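Here is the structure we will look at, set down as structure tokens.
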There are 2 protein chains.
Amino acid sequence: MVNYSTSEENYLKAIYRLNGAEATVSTNDLAQELQTKPASVTDMMKKLKAKKLLHYQPYQGFRLTAEGTKVALGIIRRHRLWEFFLAEKLRFTWDEVHEVAEDLEHVCNKKLIDRLDEYLGFPRVDPHGDPIPDMNGKMEVSKKICLSDLPLNSTAQVISVSDHSSDILELLEHMHIHIGTRLEVRKRFSFDDSMEIKAGRQAAFTISRQLSETIFVHFV
Amino acid sequence: MVNYSTSEENYLKAIYRLNGAEATVSTNDLAQELQTKPASVTDMMKKLKAKKLLHYQPYQGFRLTAEGTKVALGIIRRHRLWEFFLAEKLRFTWDEVHEVAEDLEHVCNKKLIDRLDEYLGFPRVDPHGDPIPDMNGKMEVSKKICLSDLPLNSTAQVISVSDHSSDILELLEHMHIHIGTRLEVRKRFSFDDSMEIKAGRQAAFTISRQLSETIFVHFV
DNA sequence: AAAATAATTTAGACAAATCTAAATCATTAT
DNA sequence: ATAATGATTTAGATTTGTCTAAATTATTTT
């Protein structure tokens, strides 16, 4: 079991995140994601290639190797378990957990993380609804669709929210929408792409396009 | 509120620890304590002096300023709270907590630590019996004496153990001696400096000089 | 297909934290 | 008081991660 620096870990995590969208990640995208310069990215890519954590040929973009993916999932596991801990045990709100977990995730001790997992009751999703990889790096990938794409009158359940700011938290709290809330779309208004939804036992209400594009659901 | 590097924090913590014994700490002692070289210590001392965390004139040793002491106590607070968490919530044993806490202590977020403190019920001592500084850096300094110096037939309570290895843990577990155990010395044997003690409601038994010199107690 | 533009890499520099080896200062013993 | 010894500092090098500016490669446009 090799250990990686905080910097290496942040690069791996970012590549994993971006890799979802495209097959290969570009230097500029990664620089943007990590708030750094393209030249720094190139330097690090050489290093991670030498450690066999990613495939990389100059000018051709890069993608994680199987080993790189395993390492990235380990980091994501740590991050999301700490987020769960912070929200569940220390009463942190949604928008506060990420920043603290960014630091805690780099404390890499298998026993610590596995015991924390057990202590928390083996949670399967973090406070934003994102799945937590298990001890073996397995992660539930439920087929999630954007609320804005949900067909009319089909029931779905909120599984995640792609924006983690306090602004959206405030709005969701006000509307009593949480991870796990069941809802259905009653009507769409093409004027502004707003939609009327019914959530839980509440009366129907409308939400904006910005909001519906941020909420992800799955069918139940 | 300034942030310090992991390295700076480790130096400050080590100086605080050594400072207890002598008024001023020497380059070699600190190098020994941190498993590094004297030249590295001198470099860091210049840096910490520039940051007004310690008093230092070349060749004269060094000691923490008021600010340096405050920072050191903050690190010790974090370390000991995490040790308590690991032992109490994650079922780590005594000898396992230190190493993990060495990493966790460098995650510096006031809200995290204060909430953790609250969650743990504001513990006053860590699993080895060492006092935990509170939010303001105040720490209970009970007058502790070495068990080997305890007068005959006076009752005392175990408050800490200066060795944190698994070997001593095994022995103490076997003898049912823990932090908080009440005991008294019945007899001393000058042949090998062993002593007969009575702990709790157990029958009296003898302990070696090595052990009695490692256990610290206070009168009750 | 060549020119213009965008993306990426290279070259060279810097700060932090460390090291070794040499030089300097302080202390101790004669 | 001076030589020997030990402690400490300085000088110069190394590694990691970063940067800027210049050079190179890829892509797009005409």
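Between A:PHE205, A:PHE84, A:PHE191, find the one with the highest GNM mean-square fluctuation for chain A; connect C-alpha pairs within less than 10 Å.
Of the options given, A:PHE191 has the highest mean-square fluctuation.
Scanning chain B for helices, which whole DSSP H stretches are 30 Å or more long along the axis (Cα) and average 0.0 or more by Kyte-Doolittle?
B:66-88
Within 10 Å of each Cβ of A:111-124, how many other protein chain Cβ atoms are there on average?
That works out to 2 on average.
Please report, for B:GLY180, the nm distances (one decimal) from its label point, 7 Å out from Cα along the beta-carbon direction, to the equivalent points in the remaining copies, shortest first.
3.4
Count, for each residue of B:34-44, the Cβ atoms from other chains sitting within 10 Å of its Cβ, then give me the mean as a whole number.
Mean partner shielding for this stretch: 0.
Reachable aspartates and glutamates from B:LYS187, Cα under 19 Å, same-chain residues fewer than 8 places away excluded?
B:ASP149, B:GLU196, B:GLU213
Can you give me the C-alpha center-to-center distance between the range A:176-220 and the range B:199-220, rounded to a whole angstrom?
Here the two parts' Cα centres lie 67 Å apart.
What are the aspartates and glutamates whose alpha-carbon lies under 16 Å from the alpha-carbon of A:LYS51, with same-chain residues fewer than 8 places away excluded?
Here the aspartates and glutamates satisfying the reach criterion relative to A:LYS51 are A:GLU8, A:GLU9, A:ASP43, A:GLU67.
Which distances in nm, rounded to one decimal and ordered from shortest, link the label point of B:ASP193 to the equivalent label points in the other identical copies, with labels set 7 Å from Cα toward Cβ?
Copy-to-copy label distances at B:ASP193, shortest first: 8.0 nm.
Please compute the average number of Cβ atoms from other chains found within 10 Å of each residue's Cβ in peptide B:89-97.
Shielding by partners across B:89-97 averages 2.
For B:GLY20, place a label point 7 Å from Cα along the Cα-to-Cβ direction in every copy; what are the distances to the other copies, in nm, shortest first?
Ordered by distance, the counterparts are at 4.8 nm.
Measuring from label point to label point, each 7 Å out along Cα→Cβ, what is the B:LYS46 to B:GLU88 span in nm?
4.4 nm
Could you state how much accessible area is buried at the A-B interface, both sides summed, with a 1.4 Å probe, in Å² to the nearest 100?
So the total buried area for this chain pair works out to about 1800 Å².
Using DSSP to call loops (not H, G, I, E or B), can you name the trypsin sites (Lys or Arg not before Pro) in the range B:155-206 whose Cβ has at most 16 other Cβ atoms within 10 angstrom?
Passing sites in the range B:155-206 are B:ARG201.
Given the pairs B:LYS47/B:LYS111; A:LYS111/B:LYS13; B:LYS47/B:LYS70; A:LYS13/A:LYS49; A:LYS13/B:LYS110, which span a C-alpha to C-alpha distance of over 19 angstrom in this model?
Over 19 Å Cα-Cα: B:LYS47/B:LYS111; A:LYS111/B:LYS13; A:LYS13/B:LYS110.
If you roll a 1.4 Å probe over the range A:6-64 with all protein chains in place, what percent of the accessible area is carbon or sulfur?
Roughly 49 percent of what the probe reaches on the range A:6-64 is carbon or sulfur.
Give the long-range amide H neighbours of A:THR181: residues separated by 5 or more places, or on another chain, with amide H under 5 Å away, using H modelled in the peptide plane at 1.01 Å from N.
A:VAL158
The values are calculated or read from the model by the stated rules, or taken from the named source; none is laboratory data. From a predicted model like this one, the values you see are computed outputs, not experimental measurements. Backbone-built Cβ (ideal geometry, glycine too); neighbour counts: all protein chains shown. Keep in mind that these areas ignore ligands, DNA and RNA; they rest on the heavy atoms of the full protein, side chains included. Shrake-Rupley method; radii C 1.70, N 1.55, O 1.52, S 1.80 Å.
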